[in-house]
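Accompanying notes for the structure given below.
Bear in mind that the values in this text are calculations on the coordinates, not laboratory data. Because the structure is predicted, anything quoted here is derived from the model rather than measured. Virtual Cβ from ideal backbone geometry, glycine too; neighbours counted across all protein chains shown.
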């Protein structure tokens with residue numbers, strides 16, 4: 001077994017996560033090894049809960065990417081976004097400048113079509129949460 005470990009910080013929070021991958025099994029995927037540091041929003045969760053909250057099928061990273069990518073594709077703009085709340089079910093607030101009326105309804109429909117949950121289309125401009133830049137899966141072993 002040739003397991004490699006990678007340090008990762010998602011762009012959705014300040015957690016630092018150690019992930020593992022077995023290089024001898026190509027389809028083994030990347031799994032949680034442990035959480036090196038939990039951010040303020042996730043500090044009360046277990047390592048496994050943080051792994052699911054950040055990277056699971058309805059995790060923060062996937063929800064943000066699906067909603068943001070869909071709005072970019074449909075409206076040709078980069079939306080601003082941030083997560084609010086604490087724990088495993090934080091809400092993604094996303095904003096596209098100038099969306100009103102039917103444009104806003106189309107954006108809400110586009111987000112719904114992605115199948116993601118826990119997303120709110122903000123009516124006013126939002127400032128993204130300040131955070132450190134993500135660590136792009138830095139190999140540590």
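Things worth noting here:
- If R0 equals 30 Å, the separation of the Cβ atoms of residue 108 and residue 30 corresponds to a calculated FRET efficiency of about 0.40.
- For segment 60-121, the fraction of alpha-carbon pairs lying more than 13 Å apart is 57 percent, rounded to a whole number.
- Estimated from helices alone, the mean residue ellipticity of the chain at 222 nm is -9000 deg cm²/dmol (sum of -39500 (n - 2.57) over DSSP H runs with n ≥ 4, per residue).
- If a spin label sat at a point 7 angstrom from the Cα of residue 47 along the line to its beta carbon, the backbone N atoms of segment 18-37 nearer than 15 Å would be those of 18-21, 31-37.
- Residue exposure sequence - 94, 25, 30 - by fewest surrounding Cβ within 10 Å: 25, 30, 94
- Ranked list, fewest to most other Cβ atoms within 10 Å of each Cβ, for 20, 60, 97: 97, 20, 60
- Calculated Cα extents along the principal axes in Å (choose from (1) 45, 41, 34; (2) 56, 32, 22; (3) 38, 38, 26), label: (2)
- Treating r as the C-beta distance of residue 100 and residue 22 and R0 as 41 Å, the FRET efficiency rounds to 0.25.
- Angle in degrees between helix 60-75 and the longest Cα principal axis of the chain, rounded to the nearest 10: 40
- Net lengthening on full extension, residue 2/residue 69 (0.36 nm per residue, minus Cα-Cα): 20.7 nm
- Order of 52, 100 under a 10 Å beta carbon neighbour criterion, fewest first: 100, 52
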